[in-house]
1. In sequence order, what are the phi-derived ³J(HN,Hα) couplings for region 131-144 according to the Karplus relation 6.51 cos²θ - 1.76 cosθ + 1.60 with θ = phi - 60°, rounded to whole Hz, with x for glycine and proline?
2. So if I restrict to the alpha-carbon atoms in region 264-303, what is the Rg, and what is Dmax, the biggest pairwise distance, in Å?
3. Can you give me the long-range amide H partners of residue 337? Hydrogens built in the peptide plane at 1.01 Å from N, cutoff under 5 Å, separation of 5 or more residues or another chain.
4. Apply the Karplus curve 6.51 cos²θ - 1.76 cosθ + 1.60, θ = phi - 60°, to the phi angles in region 470-480 and return the couplings in whole Hz, x for Gly and Pro.
5. To check you understand DSSP bridge types, tell me what percent of the beta bridges within the chain (both residues inside) are antiparallel, rounded to 5.
6. Out of all Cα-Cα pairs in the chain, roughly what percent, to the nearest whole number, are more than 37 Å apart?
7. Put one equal scatterer on each alpha carbon of region 346-432, apply the Debye formula with no solvent term, and list log10 I(q)/I(0) at q = 0.14, 0.16, 0.22, 0.26 1/Å to two decimals.
8. Under a 5 Å amide H to amide H cut-off, with H placed in plane at 1.01 Å, what residues pair with residue 346 once short-range neighbours are removed?
Amino acid sequence: MTDQDPMPSVTADTRGRVAELHEIRASVHAGPSARATEAQRAKGKLTARERIDLLLDPGSFREMEPLRRHRATGFGLEAKKPYTDGVITGWGTVHGRTVFVYAHDFRIFGGALGEAHAQKIHKIMDKAIAAGAPLVSLNDGAGARIQEGVSALAGYGGIFQRNTRASGVIPQISVMLGPCAGGAAYSPALTDFVFMVRETSQMFITGPDVVKAVTGEDITQNGLGGADVHAGTSGVSHFVYDDEESCLEEVRYLLSMLPQNNRENPPSTESADPVERRSETLLDLVPADGNRPYDMRAVLEELVDDGEFLEVHERWATNIICALSRMGGEVVGIVANQPQSLAGVLDIEASEKAARFVQMCDAFNIPIVTLLDVPGFLPGVDQEHGGIIRHGAKLLYAYCNATVPRISIVLRKAYGGAYIVMDSQSIGADLTYAWPTNEIAVMGAEGAANVIFRRQIAAAEDPEAMRQKMVKEYRAELMHPYYAAERGLVDDVIDPAETRIRLIGALAALRAKHAPLPGRKHGNQPQ
C-alpha cells in the first residue's frame, strides 16, 4: 500500500468488487511499506497488528474502520492519506471474554494523533463503555499531529474525557510500547494500570531537549522517562518487562483477574489448592521478635492459591505490597506491609500506592485482605513537609469509602495511627484477626515507657534498669496478644497455620455483602 492509493476501480460484477475489497484489505494489513516495517523491527518493536495478535485470543479480532482516512490538507497531507490513519481499533476476546483495543501504528505518521485518528479512538472507547468491557490501549505514538494543529489537540481532550467517564466503570489498561510525550501521557495516567517495556517505551511531558534548554540538565529519553524510571521512581508505571511478548502475556493474566465492568464480580476458577490447607511454615516464617525482618511475599505465597500472585507497583514504594491473587478460586486484593523495606512503615509513597490500589479493588468488586506489620508512619522533616498528613489521609479515605468485603490480619506490630489507617475494625473492616505474635498499641513498649514513666526512670538509682522494668510492665499490661481481643477490637486470635482456611471461609461468608454509601455526587477525597 502506498501513502496515496488510487481510487478503487468500478468493477462491473459483484465478484469483481469482492476481489477488489480483498485486495484493499490485504494492502491495509500489510502496512504502509516493507521499509517502514523494517524500521519498526530495527527498533526492537513489533507492529501494531502483531501486538494485537499477542494480546487477543487467536482469530478473535474484529477491526473497526480499517478504511478510515484523514481529510486534512496542507503541509503535504493531501498527498498522504493511508488507510487506518495510524491507529487500529476493534475488539476481540481474552480468555474468551470481550476486550476492546486500539493500537497506534508507528509506521504511519509516527503514530501521531490527528482528527480522524482521534475519532476512531473516541468511537472504540464509546463502544467499550456501552458494552461494559475492558479497554486496552497499545501506545506507540509521537504525540499530536502538528500539521493538523488544534484539531489534533482537541482529539486528546475527547480521549481524556472518555478516560474519566470510564474510570471505575470498566477496566482501562495502557500498554506503553513506544514513545508517549506531551499531553498524550495524561491518558495512560488516567487509566487503571500502566505497563511499560524497557528501552523501547518512554513517557514524559517535556522531552530531553526542552529539559536541557530550560534547566541545563543533560539526560537521555530513558533516563528522563524510561520504564525503570516510572516503575521505581515516579510510580507512573505499575508493571515493567524486558520484551513486548512477556508484557502482553501479563496483560492477559491481569485481565483474567478483573471483571468486565463494575456491575460484575471478578471471574471465579476451580482451584487445585485445597481450601483446608494448613501452613505450618508460617509458624517459623514470621519471627516473634518484632525487630527482626522477613519477606512478606513469602507469607503471601503460603496464603494464596498455588503461591501465585500479581504484584502491582512492585518496584515503587517497596515498604508496602499490593497484589492481586486468588484464594479458593476467588480473586482477592492484598495490601501488606513489607518489613524488609523501611521496616514496613507507612510513608508518602506507600500511602498513595495502597490508596489507589484499594480504590481500584473497591471499584471492581474485589475483596480486600490487609496484612499488618506496621511500626507507624515514617518520621522526618521531609515527610512532614511533603504532606504525610495529606497523603496518609488518602489511604484512610480509600479504606473508609470501600464497600467490598474487607478482612484484616495483624501479624506482629500494629502501632499508632498506622494501625488505624491499615483497615482496622474502627474504620470499617468487616472482620479482623490477629496472630498470637500481635502487638497492637499506641506505640512500641520502649517509646511508651519513656513517655509514661519518664520521671520514675530519671529518679531511679539505676535509670536503665528502671526503664527496662517499666517496658516489661507496659508490655505485660497493654501489649499482650489478647488485649485487643478482650476489648472486641479484633474478632479472634488465630493459629497462623490456619490463616488461609479462615480467610477463605470469611470471604465466602461476606461474598454477598452490600453496604450502600450515602447519596452524593462524589466525595471530596484528600489531595
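The values are calculated or read from the model by the stated rules, or taken from the named source; none is laboratory data. Keep in mind that this is a model prediction, so the values were computed, not measured. Please note: Cβ atoms are built from the backbone with ideal geometry, for glycine as well, and neighbour counts cover all protein chains shown. The area values use the complete protein model at the heavy-atom level, side chains included, leaving out ligands, DNA and RNA. Shrake-Rupley method; radii C 1.70, N 1.55, O 1.52, S 1.80 Å.
1. So the Karplus estimates, Gly and Pro as x, are 7, x, 9, x, 10, 10, 10, 9, 8, 7, x, 8, x, 6 Hz.
2. 14.3, 43
3. The answer is 321, 371, 373.
4. So the Karplus estimates, Gly and Pro as x, are 5, 4, 4, 5, 5, 4, 5, 7, 10, 10, 6 Hz.
5. Around 40 percent of the beta bridges assigned by DSSP in the chain are antiparallel ones.
6. Counting every Cα pair in the chain, those more than 37 Å apart make up 39 percent.
7. -0.44, -0.57, -1.03, -1.33
8. Result for residue 346 returns 376, 377, 378.
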